[in-house]
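*Asks:* The structure under discussion is supplied below as C-alpha cells; questions concerning it will follow.
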Amino acid sequence: WESRGYFMPTMPNTPEGAESLEATFSMILPPPNVTGTLHIGHALTCTLQDVLARYHRMKGVPTVWVPGLDHAGIATQSVVEKRIFRESGETRHDLGREELVRRIWEWKDTHGGKIKEQLRRLGSSL
C-alpha cells in the first residue's frame, strides 16, 4: 500500500480550480519515545487512530495521518547515560558533551527506525 500510494491524501478541486480545505481530516500520531519499542498501549492508540483515518477515507474525505517520532530527548539521554555507566562505569561528565551527544545520536539512529517499522507491521495506514 505504501509503494502504490493508497493512503496518500488527494485534494478535490473546487469549480474555481482552487483546492478546498473545508472537507479534510487530519490528525497527528503522538510520538512514542525512541527509548524502546512499542507496547500494547501504543498498539491500541494506533488502532483507534487508524480506524478514524480509514473511516474518513472511505467517506471520500481527503485524510492525512502524520506520524510523530521521538519526542523524548531527556528520556533518551537518560537511557544512554545508564547504558554507558553499566558498560564502562563512566558518567556524562567523564565523556564530555561532544562524545555524549555523539552516542545519543548513535542510539537514536539505531533505535529510531524500530518504531516506524513496528507501526508498519501493525498495518497502520500512515
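*Asks:* Heavy atoms only, probe 1.4 angstrom, no DNA, RNA or ligands counted: give me Asp50, Asp109 ranked by accessible area, highest first. Please report the intermediate quantities before stating the final value.
*Replies:* On the way: Asp50 25, Asp109 110 Å².
If we order Asp50, Asp109 from most to least accessible, we get Asp109, Asp50.
*Asks:* I would also like to ask the following. Amide H neighbours of Thr37 under 5 Å, counting only residues 5+ apart in sequence or on other chains, H built in-plane at 1.01 Å?
*Replies:* Placed amide hydrogens put nothing under 5 Å from Thr37.
*Asks:* Ordered by residue, what ³J(HN,Hα) values in Hz, to whole numbers, does the stretch 88-96 give under the Karplus form 6.51 cos²θ - 1.76 cosθ + 1.60, where θ = phi - 60° and Gly and Pro are x?
*Replies:* Result, ordered by residue: 10, x, 8, 9, 5, 5, 5, 6, x Hz.
*Asks:* For Met8 and Lys82, compute 0.36 nm times the residue count separating them, minus their Cα-Cα distance, and round to one decimal in nm. Write out the running numbers ahead of the final one.
*Replies:* Working: separation 74, 0.36 × 74 = 26.64 nm, distance 4.05 nm.
Residue separation times 0.36 nm, minus the Cα-Cα distance, leaves 22.6 nm.
*Asks:* Going by accessible area, probe 1.4 Å, with all protein chains left in place, what is the ranking of Val80, Val51, largest first? Each step should come with its number before you reach the end.
*Replies:* Details: Val80 5, Val51 90 Å².
Ranked from most to least accessible, the order is Val51, Val80.
*Asks:* Another one. Just flag the chymotrypsin sites (Phe, Trp or Tyr not before Pro) in the stretch 34-104 sitting in loop per DSSP whose Cβ has no more than 16 other Cβ atoms within 10 Å. Before the final figure, lay out the partial values.
*Replies:* Numbers: sites: Tyr55, Trp65, Phe85; in loops: none.
Loop-located and lightly packed - none at all.
*Asks:* Near Lys116, which lysines are there with a Cα under 17 Å away, not counting those fewer than 8 places off in the same chain?
*Replies:* Lys108
*Asks:* Check which residues have an amide H placed less than 5 Å from Val64's amide H, if you skip close sequence neighbours.
*Replies:* Phe25, Ser26, Met27
The values are calculated or read from the model by the stated rules, or taken from the named source; none is laboratory data. Every value quoted in this text rests on a predicted model; they were computed, and no experiment measured them. In this analysis, Cβ positions are derived from the backbone assuming ideal geometry, glycine residues included, and neighbour counts consider all displayed protein chains. Heavy atoms of the whole protein, side chains included, go into the accessibility calculation; ligands, DNA and RNA do not. Shrake-Rupley method; radii C 1.70, N 1.55, O 1.52, S 1.80 Å.
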